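What follows is one structure encoded as structure tokens, with my remarks underneath.
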Amino acid sequence: MEKETCTFSFCAKPAVEEVETDLLLIGGGMACCGAAFEGARWANPKKIKITMVDKAATDRSGAVAMGLSAINTYMGENDPADYVKMVRNDLMGIIREDLVYDLGRHVDDSVQLFEEWGLPIWKMGDDGFSLDGFQAKDAGKVSLKDGGKPVRSGKWQIMINGESYKVIVAEAAKKALETNRAATGVKTNHYERVFIVKLYNDAKEPNRVAAAAGFSVRENKIYIFKAKAMVLAAGGAVNVFRPRSTQEGQGRAWYPVWNSGSGYALGLQAGAELTMMENRFVPARFKDGYGPVGAWFLFFKAKATNSLGEDYCAKPEALAEAKAKYGKYVDNLGTAIRNHLMMRDMKLGKGPILMRTDEAMAAINKTFKEKLGDKEGAKKVKHLEAEAWEDFLDMAIGQAGLWASKNVEPDKVPSEIMPTEPYLLGSHAGCAGFWCCGPDDLGAPEEWNKKWPAGNYNRQSTVKGLFMCGDICGASGHKFSSGSHAEGRIAAKNAIAFLLDNPNYTPTIKETADHLAAELYLPFEVYEKYKTYTTDTSTNPHYIKPKMLQTRLQKIADEYFGGISTWYMTSKTMLEEGLRLLQMLKEDTSKMAASNLHELMRCWENYHRILSVEAHARHILFREESRYPGYYYRGDFDLVDDANWKCFVNSKYDLATDKWEVKKVAYAQLVEDAAPVKH
Ligand SMILES: Cc1cc2nc3c(=O)[nH]c(=O)nc-3n(C[C@H](O)[C@H](O)[C@H](O)COP(=O)(O)OP(=O)(O)OC[C@H]3O[C@@H](n4cnc5c(N)ncnc54)[C@H](O)[C@@H]3O)c2cc1C
């Protein structure tokens, strides 16, 4: 088929706005909000211009949009070295310990700032019971910074009243951007509802990032941002694999549906090296509503069992069987291994798996009443129950609706949990992302910092001037919201240092504004050209609308790359066939069609998903073992093989040739092993 091009013969040409800036922040989530805040502190005195661009409204954009009820990374009394051990254990032994330690030593400052900016943080009351953030304030409890004791729901997590968490963090970022406008005289430096489609490298220096192009999702306008450096934090990827939700719940997923792999696709097209893209996250969450389980597990101490009431993580025969394949990694029962053991029982017909929410609440009731008496105990329980509901109303309101529709009262009956479809991310319990330069004071191999080809700047990717953080800085999961903010700050501070060290650079790109407009608006041209060919505009032999493109993508990923329909199982032959089909899908993207701006965004989101999952599949194909049982299995190598694969897998995409290079990179352990956990 002839390749389609856009000459604006059928669709209208958009207005073009060119923006010149020094540091461009792509994304407006936790990481870029941190980057804006920290960046402005160093940029303002030097009159360095910072610009932030977000596909949504920054107040409620990204994974924290609806709010959270816990900050999952706060060191407090803990040692960052122990944090490294926890992350290494959960991610099956392979992480960049320099990046993780670096995050651990900086993260608390971000959390303390959140409190200063107005985020209510739970504190321990004098009676040993917890006070929510507002009660703590009323009781005059001191701030974390001044030694206040947070309520911990786990070793690393602290409880918050977080329904406005993102708004608070965004406000500080917006204020910082305002100070940058005042310092530099720039009129506008915050662009919301602008979807970035592609990064462009410098015309003279091919391994240097120079520009980003995107379009407004509200008006017919494209933006070309020319920048001397960039911080990229456009989140991970959801809806790549067919979700468990079907027609009635289409669009429901655990991971926020607006993070569509742009973070990965933008960076890899610019030539940045990826690492650990074989990793994925398969959270076990309340079935169908994807409601969070963290507070139930950690705070309310609820237990999950199979339907016979057995603890599926404590069965000697299951543990022995897992150990025979996956070795020592089974001992500490990380997230992937727990998933594996849960699915084993499901496959044996012992499902549904149940979270014993009723028993947890009964136990709390009993303890509170014993300690406080009937009346006071009941009052405290009621308050806690309200908090538990708020947890869902904040983070996954659909779960509350679903429970209501199924007549489930979680304090009276248990609730079903289930592993979800896979997601690609690098800041929650996953580590898929880019290979980044680390700090040079932690004893890491010099190849990871001092000998970094693009220059020794912390969190710089292998592309000069392109910094990564949050979900897309690889091999360093468990940052969560606070860590992503802290990492954004690290990246921005180092990007400013890079700018100060490279003062004479002017970004130039080969492509003209007309060329970029034609590239971004091609789906409009295709649609307008052919839309009258059929009576139903959604079905047309000349083009593919986003819904169908996404369905095709999800089917390929699900069936060949180890999605839910094969119980996360794949193999060399399956991956190769899936990649063959994906290649054809990729070719068909030149026929993507959009009838409005919303569909234009959907087209490019899908394109980003395709590139992200291609990287994922290529990494799984290269790594001949099942490093993450419970997340995915290689049927042909169903073992963890430390002798051959205790290493990073890195890859690089060449946009010009559409070719991938995948390789092993040596792992280095910087923090000594933890003592084994006893069960
Ligand atoms: C379901 C879920 C529950 C979580 N629960 C907790 C919790 O309880 N506690 C905790 O501490 N952490 C939690 N986290 C982790 C935390 O939310 C993430 O670690 C953090 O948000 C990652 O920051 P980020 O900036 O990388 O991505 P995000 O915060 O997701 O931000 C991504 C940004 O990129 C923008 N963007 C995307 N594509 C484009 C594009 N093409 N052009 C322009 N902009 C774009 C988005 O609009 C958004 O602003 C949770 C995460 C998820 C997914």
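The values are calculated or read from the model by the stated rules, or taken from the named source; none is laboratory data. This structure is a prediction, so every number in the text was calculated from the model and none was measured. Virtual Cβ from ideal backbone geometry, glycine too; neighbours counted across all protein chains shown. Areas reflect the complete protein model, heavy atoms only, side chains present, ligands, DNA and RNA absent. Shrake-Rupley method; radii C 1.70, N 1.55, O 1.52, S 1.80 Å.
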Any chance you could count how many residues in the range 113-130 are under 19 Å from L68 (Cα atoms) and at pLDDT below 95? 1
What are the pairs, 6+ residues apart or on separate chains, where a residue within the range 257-283 that is under 15 Å from G477 (Cβ atoms) and near the ligand (Cβ under 8 Å from one of its atoms) has its Cβ under 6 Å from a residue that is open to solvent by less than 10 Å² (accessible area, probe 1.4 Å) and in a helix (DSSP H, G or I)? G263/I472
Among the residues of the range 286-293, is any away from the ligand (no atom under 12 Å from the Cβ), open to solvent by less than 10 Å² (accessible area, probe 1.4 Å), over 20 Å from the mean Cα position of the chain (by Cα) and not aromatic (F, W, Y)? no
The number of residues in the range 61-82 that are assigned to a helix (DSSP H, G or I) and either touching a helix residue (DSSP H, G or I) at 6+ places or on another chain (Cβ under 6 Å) or within 8 Å of the ligand (Cβ to nearest atom) (or both) is 1
What number of residues within the range 53-74 satisfy the criterion of being among the aliphatic types (A, V, I, L, M) and more than 26 Å from L232 (Cβ to Cβ)? 1
Mind checking whether some residue in the range 5-20 is at pLDDT 95 or above, within 30 Å of S130 (Cα to Cα) and not hydrophobic (A, V, I, L, M, F, W, C)? no
Looking only at the range 497-527, count every residue that is under 26 Å from A15 (Cα atoms) and either among the aromatic types (F, W, Y) or open to solvent by less than 60 Å² (accessible area, probe 1.4 Å) (or both) and tell me the total. 17
When the range 188-212 is checked residue by residue, the ones that are within 14 Å of the ligand (Cβ to nearest atom) and of a type in the set (V, I, T) are V194, I196, V197
Going through the range 48-59 in order, the residues found to be surrounded by fewer than 19 Cβ atoms within 10 Å (Cβ to Cβ) and either closer than 15 Å to E178 by Cβ or at pLDDT below 95 (or both) are D59
Unique residue being hydrophobic (A, V, I, L, M, F, W, C) and touching a Cys at 6+ places or on another chain (Cβ under 7 Å) when the list is M601, M584, M569, M592: M592
Per the filter on the range 499-520, residues touching a helix residue (DSSP H, G or I) at 6+ places or on another chain (Cβ under 9 Å) and not in a helix (DSSP H, G or I) are Y505, I509, E511
Condition first: in a loop (DSSP other than H, G, I, E, B) and away from the ligand (no atom under 15 Å from the Cβ). Now tell me which residues in the range 247-256 satisfy that. Q250
Only one of these conditions is not met by P14: (1) touching a helix residue (DSSP H, G or I) at 6+ places or on another chain (Cβ under 9 Å); (2) within 16 Å of the ligand (Cβ to nearest atom). Which number is it? (2)
For V240: the one exception among (1) open to solvent by less than 10 Å² (accessible area, probe 1.4 Å); (2) not in a loop (DSSP other than H, G, I, E, B): (2)
Count of the range 119-165 residues which are exposed (fewer than 14 other Cβ atoms within 10 Å of the Cβ) and farther than 25 Å from V293 by Cα: 9
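Restricting attention to the range 369-412, which residues are within 19 Å of R252 (Cα to Cα) and among the aromatic types (F, W, Y)?
Answer for the range 369-412, where residues must be within 19 Å of R252 (Cα to Cα) and among the aromatic types (F, W, Y): F392, W403.
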Which of the residues spanning the range 563-608 are within 16 Å of the ligand (Cβ to nearest atom) and in contact with a helix residue (DSSP H, G or I) (Cβ under 6 Å, 6 or more places away or on another chain)? T589, M592, A594, E599, L600, R602, C603, N606, Y607, H608
So V111, is it closer than 23 Å to A491 by Cβ, of a type in the set (V, I, T) and within 14 Å of the ligand (Cβ to nearest atom): yes
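Could you please let me know if T566 is open to solvent by less than 60 Å² (accessible area, probe 1.4 Å) and in contact (Cβ under 8 Å) with a residue 40 or more places away in the chain?
no
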Within the set of pairs 6 or more residues apart or between chains, which connect a residue that is of a type in the set (F, W, Y) inside the range 26-40 to a residue that is more than 11 Å from the ligand (Cβ to nearest atom) with Cβ atoms less than 6 Å apart? F37/A172; F37/A176
For C437: the one exception among (1) away from the ligand (no atom under 13 Å from the Cβ); (2) open to solvent by 40 Å² or more (accessible area, probe 1.4 Å): (2)
Taking N89, is it more than 15 Å from the ligand (Cβ to nearest atom), touching a Ser or Thr at 6+ places or on another chain (Cβ under 8 Å), over 27 Å from S143 (Cα atoms) and open to solvent by 10 Å² or more (accessible area, probe 1.4 Å)? no
Filtering the range 391-434 for residues that are within 16 Å of the ligand (Cβ to nearest atom), over 26 Å from G465 (Cβ atoms) and in a strand (DSSP E or B) leaves a count of 4
Regarding the range 361-376, can at least one residue be identified that is crowded, with 16+ Cβ neighbours inside 10 Å and within 15 Å of V293 (Cβ to Cβ)? yes
For the subset of the range 169-186 comprising residues that are open to solvent by less than 60 Å² (accessible area, probe 1.4 Å) and touching a strand residue (DSSP E or B) at 6+ places or on another chain (Cβ under 9 Å), which member is farthest from S61 (Cα to Cα)? T184
Of the residues in the range 445-494, those that are away from the ligand (no atom under 15 Å from the Cβ), part of a helix (DSSP H, G or I) and closer than 22 Å to T21 by Cα number 2
Modelled with pLDDT under 95 and open to solvent by less than 60 Å² (accessible area, probe 1.4 Å), is that true of G67? yes
In the range 99-106, is there at least one residue being open to solvent by less than 60 Å² (accessible area, probe 1.4 Å) and either not hydrophobic (A, V, I, L, M, F, W, C) or not in a helix (DSSP H, G or I) (or both)? yes
Within the range 529-541, identify whether any single residue is open to solvent by 10 Å² or more (accessible area, probe 1.4 Å) and small (G, A, S), and answer yes or no. yes
Going by the conditions given, is A233 in contact (Cβ under 8 Å) with a residue 12 or more places away in the chain, more than 15 Å from the ligand (Cβ to nearest atom) and of a type in the set (A, V, I, L, M, F, W, C)? no
